[in-house]
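Here is the structure we will look at.
Rule-based calculations on the coordinates, nothing more; no lab input. As the structure is a prediction and not an experimental result, all values here were calculated from the model. Neighbour counts are summed over all protein chains in view; Cβ atoms, including those assigned to glycine, are modelled from backbone coordinates with ideal geometry.
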Amino acid sequence: MSTLVTNIGRIITGRLEEPILDGDSVYIENGKIRELGTTITTADTKIDAGGLTLTPGLIDSHIHPVFGDYTPRQQTLGWCESYLHGGITSMISNGEPHLPGRPDDVESAKSLATLARKSLANDRPGGVKVRGGTLILDGDMTEDDIEDVHREGVERLKFLMPVEERQRARNLVSWGHERDMIVLMHCGGTSLPGVKSTDAEMFVDIGPDIAAHVNGGPTPIPDDEVTKLVTETEIVLDLVLAGNQRVAVDVLEMAADRDELNRIQIGTDTPSGTGVTPLGVLLEAATLCGMTDVSPEEVLCLATGTTARHHGLDTGRIEEGRPADLTLMGAPKGSAAETALEALDAGSYPAIATVLVDGEVHVDGSRNTAPAKQTTTIEHT
């Protein structure tokens, strides 16, 4: 199967070092990007982009799925498909703590992470690539426990609550790193009953890879501790919609001043008490663009390729050989902006026109954003 996208107004690469790419066409074959600026004129599916901006599919760096396309936290069915209509083609689980009646013993935690990883890999809910199955760490876990889940394909570990014995926590991080696993840690105040708060000193001492919702989920750590995380560590800084936006802006500006935008990733921290937010990554991106001097093309890279790099994903960048997970977006009708980048720069989220996953059109006109000023034309031959 092949797809040809022509008449593209602007291509956002997903790479901070070169966020905008010259070219007005992309040729896709068997789900992968084969040529940029192609001279090929025939394909099974032809998409006239109408001058819209082509970006990698957005990646939500912080979700809490359970199974399939249902979230018991908000009793909502079809939430993943709805996020796809917000331009999100991939999601990364930060654990499955919202399972009703979730047991807290070690074996159950391992089983939940393994089952979530496999079920979400076998059946993409709503067409979205959900990277499920993040093991919620417990102070009683051993290296054998980490090996058990690693052998079953689990790629991420997370401290949802502080492990009181710090050496034990450091061991868990070390055991994960020896297996190329990514270690996250809850950053901020209590988010669920029984969950304890964390502080910057714990991050410095324990050394995880990612500070999950560094701007609070929903309550952030004190400002001086946020500054310490930015200036005294190299930890990845996760900015989420379900947090404190003033702190998110501060963190982004500090990272930009230090020439460390590569440490930032963008997500929603949903479904959660904040709700289900299909446009959450777009809304977070618009907030950050509208309230900082960081360019919209750079912020879009943070929501795509930078997040992908933090998690070892093959998607998130518009490059030959990469999966064709793509979004065409533009300025919404009624906006003073003329392009998606101008809309973001003004603090508004753009309109989603078309979303492709592995080169297949999954969205032809978003049901969640306003319509774009320009429209795509799709022809199947």
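Based on the Kirkwood approach, the hydrodynamic radius assigned to the stretch 36-150 is 16.3 Å, with every pair of different Cα atoms included.
How many times 2.2 N^0.38 Å is the alpha carbon radius of gyration of the stretch 69-222?
Details: Rg = 15.4 Å, N = 154, 2.2 N^0.38 = 14.9 Å.
Here the answer is 1.03, to two decimals.
Output the peptides 217-229, 260-272 sorted from most to least packed, where packing is the average of other Cβ atoms within 10 Å over each peptide's residues. Could you put the intermediate results ahead of the total?
Working: 217-229: 18.0, 260-272: 24.4.
Most protected by this proxy first, the peptides run 260-272, 217-229.
Put simply, the amide H of D24, placed in the peptide plane, has neighbours under 5 Å in G37, leaving out anything fewer than 5 places away on its chain. Taking the stretch 282-308 and a reference point 7 angstrom along Cα→Cβ of D257, the backbone N atoms nearer than 17 Å belong to 291-295. Rounded to the nearest Hz, the phi-derived 3J(HN,Hα) couplings of the stretch 133-144 under the Karplus curve 6.51 cos²θ - 1.76 cosθ + 1.60 (θ = phi - 60°) are x, 10, 6, 7, 6, 10, x, 8, 6, 10, 4, 4, where x marks glycine and proline.
Compared with the alpha-carbon gap, the fully stretched path from D140 to E17 is longer by 40.0 nm at 0.36 nm per residue. Of all the C-alpha pairs in the chain, what % are more than 27 Å from each other? Counting pairs separated by more than 27 Å, the tail of P(r) holds 45 percent. Evaluate the relative contact order of the chain (contact order divided by residue number), counting alpha-carbon pairs under 8 angstrom at least 6 apart; express in whole percent. After rounding, I find 22 percent. The DSSP beta bridges internal to the chain are antiparallel in roughly 50% of cases. If R0 is taken as 35 Å, the Cβ-Cβ distance between R166 and A121 corresponds to a FRET efficiency of 0.55.
Between the helical axis of 223-232 and the dominant principal axis of the chain, each derived from Cα atoms, what acute angle in degrees is found, rounded to the nearest 10? Around 80 degrees separate the two axes.
Size estimate for the stretch 238-278 follows the Kirkwood approach: the inverse of mean 1/r over distinct Cα pairs works out to 10.9 Å. Within the set K46/K333; K110/K228; K129/K228; K118/K373; K118/K158, which residue pairs have Cα atoms separated by over 29 Å? K110/K228; K129/K228; K118/K373, as the Cα separations exceed 29 Å there. Compared with the dominant Cα axis of the chain, that is its longest principal axis, helix 245-257 is turned about 80°.
Taking the Cβ of L84 as the centre, find all other residues whose Cβ is under 14 Å away and add up their charges (Lys, Arg: +1; Asp, Glu: -1). Don't skip to the answer; put the middle values down first.
On the way: positive: R124, K129, R367; negative: D60, D69, E81, D325, D358, E360, D364.
With Lys, Arg at +1 and Asp, Glu at -1, the neighbours total -4.
Taking the C-alpha atoms only, the angle from helix 106-122 to the longest principal axis of the chain is near 10 degrees.
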